[in-house]
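**Q** One structure is given below, represented as structure tokens, and several questions about it will come after.
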Amino acid sequence: MTHYFGNNFKVGMKFIFAQQPYIIEKNEFVKPGKGQAFVRIKMRNLINEKLIHKTFKATYILNTADIFENKFIYLYDENHTFYYFMSNKNFEQVILSKNIVQNKYKWLLPQCYYYITFWNSQPIFLTLPKHITLSVLHTQTINKKHTINNGTKQAKLSNGLLIKVPHFINTGDMIIIDIKHIIYVSKAKY
């Protein structure tokens, strides 16, 4: 177990707080003119994904635990109840339950890589990549005379999602999506 003082907190650091695993998403070290320095952090619970804001004295100690993350390839799901992943290094398989995957299932693509966080050797959290490539199942054809909506139109993606895409995107095109904001990034190059 490693100990970290408040003035050494870093974004991405995983630790145990109130007997739950957390990850730091944002931190700000503050040294006021008077008084003791402190750290403001945004931390996300790795089990229920709740984001909380907390302030710690710079001398506060957080303990890391047996929290680690590994990269896995998504294989398939079993009735949207269990999701199967495999390590590329040792071919070990990990099964995630619906409780861990939650609504992230719509971003799971076979043969794509995802990070799984383990706590005390048990999987607890699935991290999605920032971008994913999907195919456009359907989008309307727009005439150049009828360019409306700031040059965008709606497209249905292979995962069932509807998003706005530029007019030059056609049915069958592969596009890159920003998962966090659910927006079009660019046309995929193959």
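FYI, it's all coordinate maths here, none of it is from the lab. What you see is a predicted model; the values in this text were computed from it and never measured. Neighbour counts run over all protein chains shown; Cβ positions are idealised from the backbone, glycine included.
**Q** Could you give the length gained on full extension between Asn63 and His80, defined as 0.36 nm per residue of separation minus the Cα-Cα distance, in nm?
**A** Separation in residues times 0.36 nm, less the Cα-Cα distance, equals 2.6 nm.
**Q** Let me ask something else about it. Principal axes first, then extents: for the Cα atoms of the range 3-63, list largest minus smallest coordinate on each axis, whole Å, largest first.
**A** Largest first, the range 3-63 extends 38, 20, 17 Å along its Cα principal axes.
**Q** Any idea how far apart Glu92 and Ile47 come out in nm if each label point goes 7 Å out from Cα toward Cβ?
**A** If labels sit at Glu92 and Ile47, their model points lie 2.2 nm apart.
**Q** Only Cα pairs under 8 Å and at least 6 apart count here; give the relative contact order of the chain as a rounded whole percent.
**A** Averaging sequence separation for qualifying contacts and normalising by length gives 14 percent for the chain.
**Q** Taking loop as defined by DSSP and a crowding limit of 14 other beta carbons within 10 Å, which GluC sites (Glu not before Pro) in the range 51-143 fit?
**A** The qualifying sites are Glu92.
**Q** Next question, about the same structure. If one puts a single equal scatterer on every Cα of the range 131-187 and applies the Debye formula without solvent, what log₁₀ I(q)/I(0) results at q = 0.19, 0.20, 0.28 Å⁻¹?
**A** So the normalised log intensities work out to -0.58, -0.64, -1.18.
**Q** May I ask you to give the average projected area over all directions of the convex hull of the Cα atoms of the range 88-190, in nm² rounded to one decimal?
**A** 8.1
**Q** How many angstrom lie between the C-alpha centres of the range 172-190 and the range 11-61?
**A** About 33 Å separates the Cα centre of the range 172-190 from the one of the range 11-61.
**Q** Let me ask something else. What nm value, rounded to one decimal, do you get for the distance between Asn159 and Tyr105 when each label is placed 7 Å out toward the C-beta?
**A** The modelled label-to-label distance comes out at 1.4 nm.
**Q** Let me ask you something else. Test of the criteria: in the range 98-185, which chymotrypsin sites (Phe, Trp or Tyr not before Pro) are in a DSSP loop and have at most 10 other Cβ atoms within 10 angstrom of their Cβ?
**A** Numbers: sites: Tyr105, Trp107, Tyr113, Tyr114, Tyr115, Phe118, Trp119, Phe125, Phe168, Tyr184; in loops: Phe168.
Loop-located and lightly packed - Phe168.
**Q** Would you please name the trypsin sites (Lys or Arg not before Pro) within the range 16-112 that are DSSP coil residues with at most 13 other C-beta atoms within 10 Å of their C-beta?
**A** Sparse-neighbourhood loop trypsin sites (Lys or Arg not before Pro): Lys34, Lys50, Lys89.
**Q** Which one, [x] 50, 35, 23; [y] 46, 35, 33; [z] 65, 47, 27, gives Cα extents along the principal axes in Å as derived from the coordinates shown?
**A** Derived directly from the coordinates: [z].
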